[in-house]
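Let me begin by presenting the structure, written as structure tokens, before commenting on it.
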Amino acid sequence: MNMETLLVRAGMEKDNTTGAISTPIYQSATFQHPELGISTGYDYSRTANPTRTALEQAIAALEGGTKGFAFSSGMAAITTVLFLFKPGDHLVVSEDLYGGTYRLLAQVFHELGITASFVDTSCIEKVEAAICPETRALFIETPTNPLMKITDLRRITDLAKARDLLLIVDNTFMTPYLQQPLACGADITLHSATKYLGGHNDTVAGLVAVREEELGERIGLLQNACGAILGPQDSWLILRGIKTLAVRLERQQQNALALAQWLQKHPEVEAVYYPGLPEHPGHHLASEQASGFGAMLSFSVRNSDLVPRILKNIKVITFAESLGGVESLITFPARQTHADIPEEVRAQLGITDRLLRLSVGIENIDDLLIDLEGALRC
Ligand SMILES: *Cc1c(COP(=O)(O)O)cnc(C)c1O
């Protein structure tokens, strides 16, 4: 089946009792045993719940993995995956990544003796140089957040294999519709399903898919042991979101490219970061390893005084944290998503007080352009 069809059919297991088209929401904490030693396959909803199972099977199928897992948030998914490691272990991580992942590694797992080096993973030589005898995994985002740098999935997979490291890819920005890291050889792919998969800015959720069964068993144990699972109602909402992912993303990408091209020509705009622009350094690579460029873009304005004025005057595009929904959102990374990254590190990365990030939605493009035009003129 093609990806669009797989997406629509997410969770459409045949319901022999009623024939329901939509996955039933099993709002049950526990399940009756027919007799001693016999189970329906469901015992207790932390371990497994049928609505969550439908979502977990869907993400495994979409990512081409053997097993999928649903968590109460993207951070819960990442935390659970990081429990694969033990004190003394080291990870090499994309330097320009989701601020919450940085905070989790720098402020929580660091205290537990699990350390990380943050490097520009779009440069394989830098990744290689950061690997030490204690390194157990590479953790990347491609494109990165918010500067949209592209890491070569093939080359980083080869490096991970050669050094016997796990490769973990946060695929939130691309979704399996545009990019499938497991097919390139990554071991684990994960998502903040709060973003594109849910798609409506109404649910917080996290998903994981793994390539190999043995690793799936370890994550299954951790999911049940740690218990940061997604509830049945929210599992259903994410399943419903997934069904329209292809049409949403197609429209979002089309709008994103139009906005990027328009911003590029604006006199107040200094730089536009969007892999869909031919000038973007990762454009060619992105076009090879993904089937689209996504709908996230960042831009910097010439004068930092303009930032508060834009955020105050923007009307259709909403000033809010998060991304991936049908509504366009504008974020100020230095103060919002990336505030926990120390200022000097931010400055080094280029996450300045002149940088804004756009998550482009499905609105009419003219309304978005008029909105930005007005806000940039103020
Ligand atoms: C939002 C986000 C997360 C965290 O997910 P939550 O659902 O907010 O916990 C992780 N990675 C990326 C790339 C994100 O955008």
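The values are calculated or read from the model by the stated rules, or taken from the named source; none is laboratory data. What you are looking at is a predicted structure, and each value in this text was computed from that prediction instead of being measured. As a convention, Cβ positions derive from the backbone with ideal geometry for all residues, glycine included, and neighbour counts pool all protein chains shown. Surface accessibility is based on the protein's heavy atoms, side chains included, excluding ligands, DNA and RNA. Shrake-Rupley method; radii C 1.70, N 1.55, O 1.52, S 1.80 Å.
A few points about this structure:
- Subset of region 46-80 (residues that are within 17 Å of the chain's Cα centre (by Cα), over 10 Å from V208 (Cβ atoms) and not in a helix (DSSP H, G or I)): G64, S72, S73
- For region 248-267, the set of residues classified as among the acidic types (D, E) and open to solvent by less than 70 Å² (accessible area, probe 1.4 Å) is empty.
- Lone unmet requirement of (1) over 19 Å from L197 (Cα atoms); (2) open to solvent by less than 20 Å² (accessible area, probe 1.4 Å); (3) more than 16 Å from the ligand (Cβ to nearest atom) for A29: (2)
- When A225, A246, A183 are checked against the criterion of being more than 15 Å from the ligand (Cβ to nearest atom), among the hydrophobic types (A, V, I, L, M, F, W, C) and farther than 30 Å from A116 by Cβ, a single residue qualifies: A246.
- Among residues of region 98-119 that are in a strand (DSSP E or B), none has a beta-carbon under 6 Å from a residue that is near the ligand (Cβ under 10 Å from one of its atoms) and open to solvent by 20 Å² or more (accessible area, probe 1.4 Å) at least six positions away or on a different chain.
- The single condition among (1) outside the structural domain of M148 (by TED's automatic domain parsing); (2) touching a residue at least 24 places away in the same chain (Cβ under 8 Å); (3) open to solvent by 30 Å² or more (accessible area, probe 1.4 Å) that Y274 does not satisfy is (3).
Per-residue answers, yes or no, for (1) within 16 Å of the ligand (Cβ to nearest atom); (2) open to solvent by 10 Å² or more (accessible area, probe 1.4 Å); (3) within 22 Å of I330 (Cβ to Cβ):
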{"position": "N171", "(1), (2), (3)": "yes, no, no"}
{"position": "K195", "(1), (2), (3)": "yes, yes, yes"}
{"position": "A209", "(1), (2), (3)": "yes, no, no"}
{"position": "E214", "(1), (2), (3)": "no, yes, no"}
{"position": "I219", "(1), (2), (3)": "no, no, no"}
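- Residue ID - farthest from S45 (Cα to Cα), chosen from residues in region 221-236 that are assigned to a helix (DSSP H, G or I) and open to solvent by less than 30 Å² (accessible area, probe 1.4 Å): L222
- Sole exception among (1) buried (at least 24 other Cβ atoms within 10 Å of the Cβ); (2) over 21 Å from T244 (Cα atoms) for L190, by number: (2)
- Some residue of region 341-351 being over 20 Å from the mean Cα position of the chain (by Cα), modelled with pLDDT of 95 or more and open to solvent by 20 Å² or more (accessible area, probe 1.4 Å): no
- Verdict on S287 being modelled with pLDDT under 95, open to solvent by 20 Å² or more (accessible area, probe 1.4 Å) and within 22 Å of L147 (Cβ to Cβ): no
- Contact map, region 304-321: first residue within 12 Å of E268 (Cβ to Cβ), second residue acidic (D, E) and modelled with pLDDT under 95, Cβ cut-off under 7 Å, separation 6 or more or different chains; pairs are S304/D353; V307/D353.
- Pair list, Cβ under 8 Å, 6 or more apart: region 352-375 residue in contact (Cβ under 8 Å) with a residue 40 or more places away in the chain, other residue assigned to a helix (DSSP H, G or I) and charged (D, E, K, R): T352/R346; I362/R248; I362/R251; A375/R309
- Apart from one condition, T47 fits all of (1) under 28 Å from V108 (Cβ atoms); (2) surrounded by 17 or more Cβ atoms within 10 Å (Cβ to Cβ); the exception is (2).
- Qualifying position, being surrounded by fewer than 23 Cβ atoms within 10 Å (Cβ to Cβ), of a type in the set (F, W, Y) and within 16 Å of the ligand (Cβ to nearest atom), among F118, F139: F118
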